[in-house]
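Encoded as structure tokens, the structure appears first; notes follow it.
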Amino acid sequence: QVQPVESGGGLVQAGGSLRLSCAASGRTFSSYAMGWFRQAPGKEREFVAAVDWSGSLTYYADSVKGRFTISKDSAKNTVSLQMNRLKAEDAAVYYCNTAHSSGGSWYPAQDYWGQGTQVTVSS
């Protein structure tokens, strides 16, 4: 199993940028697609972005397309999420995890979650 540790969250003004990082342990990290998910207060956890096992193909929720960029570095066992033009509705706890697609949607591939990293956007 991959054990993720997220970092990079913080307080940012609307329109600003943040870069989240996820350090994942596990010798088979390079074999997995990885994703970022987020959960806002009172809402269910939702998919944000995913990258395939090779790091070549990326997928985004419509709400972040064109603003967020996911990348994977298998040599360093890290996954990053560059977030630009942040909006108030992007505020949430962000989690990374292994991911898989089914029926055109993305889901976490394991039930183990890290502690997440808080993103707060001030308007």
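The values are calculated or read from the model by the stated rules, or taken from the named source; none is laboratory data. Note that the structure is a prediction, hence the values are computed from the model and not measured. Quick reminder, even Gly has a Cβ in these numbers, built from the backbone with ideal geometry, and neighbours come from all protein chains shown. Remember, those area values only see protein heavy atoms, side chains included, never the ligands or the DNA or RNA. Shrake-Rupley method; radii C 1.70, N 1.55, O 1.52, S 1.80 Å.
Okay, here's what the table says:
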read-out	value
Filtered residues of the range 101-116 (kept if surrounded by 12 or more Cβ atoms within 10 Å (Cβ to Cβ), modelled with pLDDT of 95 or more and assigned to a loop (DSSP other than H, G, I, E, B))	Gly116
Check on Val119, of a type in the set (A, V, I, L, M) and either over 18 Å from Pro4 (Cβ atoms) or open to solvent by 20 Å² or more (accessible area, probe 1.4 Å) (or both)	no
Residue match in the range 95-102 (condition: more than 12 Å from the chain's Cα centre (by Cα) and among the β-branched types (Val, Ile, Thr))	no
Of all residues making up the range 95-123, the number that are of a type in the set (Val, Ile, Thr) and closer than 21 Å to Asn77 by Cα	2
One residue from Val64, Val119, Val93, Val79 being in a loop (DSSP other than H, G, I, E, B) and at pLDDT 95 or above	Val64
Identity of the residue in the range 62-81, within 18 Å of Arg19 (Cβ to Cβ) and small (Gly, Ala, Ser), that ends up surrounded by the fewest Cβ atoms within 10 Å (Cβ to Cβ)	Gly66
Single residue of the range 6-19 satisfying the filter (open to solvent by less than 80 Å² (accessible area, probe 1.4 Å) and part of a strand (DSSP E or B)) that is farthest from Asn84 (Cα to Cα)	Glu6
Qualifying residue in the range 49-62 (condition: polar (S, T, N, Q) and in contact with a helix residue (DSSP H, G or I) (Cβ under 9 Å, 6 or more places away or on another chain))	yes
Any hit, the range 53-60, residues being open to solvent by less than 40 Å² (accessible area, probe 1.4 Å) and in contact (Cβ under 8 Å) with a residue 24 or more places away in the chain	no
Those residues of the range 20-50 which are in contact with a strand residue (DSSP E or B) (Cβ under 6 Å, 6 or more places away or on another chain), outside any strand (DSSP E or B) and open to solvent by 60 Å² or more (accessible area, probe 1.4 Å), in sequence order	Tyr32, Arg45
Looking only at the range 85-100, and only at residues there that are over 10 Å from Trp36 (Cα atoms) and touching a strand residue (DSSP E or B) at 6+ places or on another chain (Cβ under 7 Å), the one that is surrounded by the fewest Cβ atoms within 10 Å (Cβ to Cβ)	Ala88
Number of the exception - Asp52 against (1) of a type in the set (D, E, K, R); (2) farther than 17 Å from Lys65 by Cα; (3) within 14 Å of the chain's Cα centre (by Cα)	(2)
